[in-house]
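Here the structure is laid out as structure tokens; the discussion comes afterwards.
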Amino acid sequence: MGNACGYAVFRWDKRGTGKSGSGGFGSTTEDALRAYQTAIEQPNLDLSHVVILAQNESSLLLAENFAQFNAISPIHGVILTGNMVNAQHITTMKTPIHIVQGEHDIHTSTTYASEVVHVHQSMFDVRSSFYIAENANRRLRDVDTQEFHTGARQSIRDWLESL
């Protein structure tokens, strides 16, 4: 989706998961900050349009360390999927946000989408929005087809194109 909207996409593989292999020394936060630093150092990037998409627990990591990420390179927008950031955490993220959450997420859309957006809009003069993907699970997969939810994909694409 990001590539189709003209964004370079850099995906971080958390230590101990996927192709990164076993854990080791260091912290997840340090790894994420180093990965962000590496991503923004790539040639030919427009650093005035940096967007971070954080999924599940990474949404909390980003909210708790937003100032550190933003100090490395200013963040133009944040997309939170499988969001775990609540109204209390959102106070750190002074940038446009878009929350995409499945209807069948383990967290209620009231607390982790609509309430967060309401608080964010009342605090900052930036655009905040959310989308609830009907019949989708926490990973934004359609419950029936197990494909990435079409509406969630379109919501993210529309939001990126509007920045």
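Got a sec? How would Leu62, Leu160 order by Cβ neighbour count within 10 Å, fewest to most? Kindly include the intermediate steps, with their values, before the conclusion.
Working: Leu62 25, Leu160 20.
The most exposed by this proxy come first: Leu160, Leu62.
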### Query
Measuring from a point 7 Å past the Cα of Thr145 along Cα-to-C-beta, which residues in the stretch 98-123 have an amide N at less than 18 Å?
101-104
## Note on the structure
Here the chain gives, from Cα atoms, an Rg and Dmax in Å of 15.4, 42
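Report, in debye and to the nearest 20, how large the dipole of the stretch 48-162 comes out about its Cα centre when Lys and Arg carry +1 and Asp and Glu carry -1 on their Cβ.
Numbers: 7 positive and 12 negative charges, 55 e Å.
With Lys and Arg at +1 and Asp and Glu at -1, about 260 debye.
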### Task
Find which of Val119, Pro74, His89 sits farthest along the positive direction of the dipole of the stretch 45-162, computed with +1 on the beta-carbon of Lys and Arg, -1 on that of Asp and Glu, about the Cα centre.
Pro74
## Note on the structure
Once both label points are put 7 Å beyond Cα along the C-beta direction, the Asn56-Phe124 separation in nm becomes 2.5 nm
### Query
Add -39500 (n - 2.57) for each DSSP H run of 4 or more in the chain, then divide by its residues: what number comes out at 222 nm, to the nearest 500 deg cm²/dmol?
-9000 deg cm²/dmol
### Message
Going by average Cβ density within 10 Å per residue, which order do the peptides 28-35, 40-47 take, highest to lowest?
### Response
28-35, 40-47
### Query
Can you tell which of His107, Ala136, Ala35 lies farthest toward the positive end of the dipole of the chain, using +1 and -1 charges on the Cβ of basic and acidic side chains (Lys, Arg; Asp, Glu)?
Ala35
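Rule-based calculations on the coordinates, nothing more; no lab input. Keep in mind that this is a model prediction, so the values were computed, not measured. Methodologically, a virtual Cβ is constructed for each residue, glycine included, from the backbone with ideal geometry; neighbour enumeration extends over all protein chains shown.
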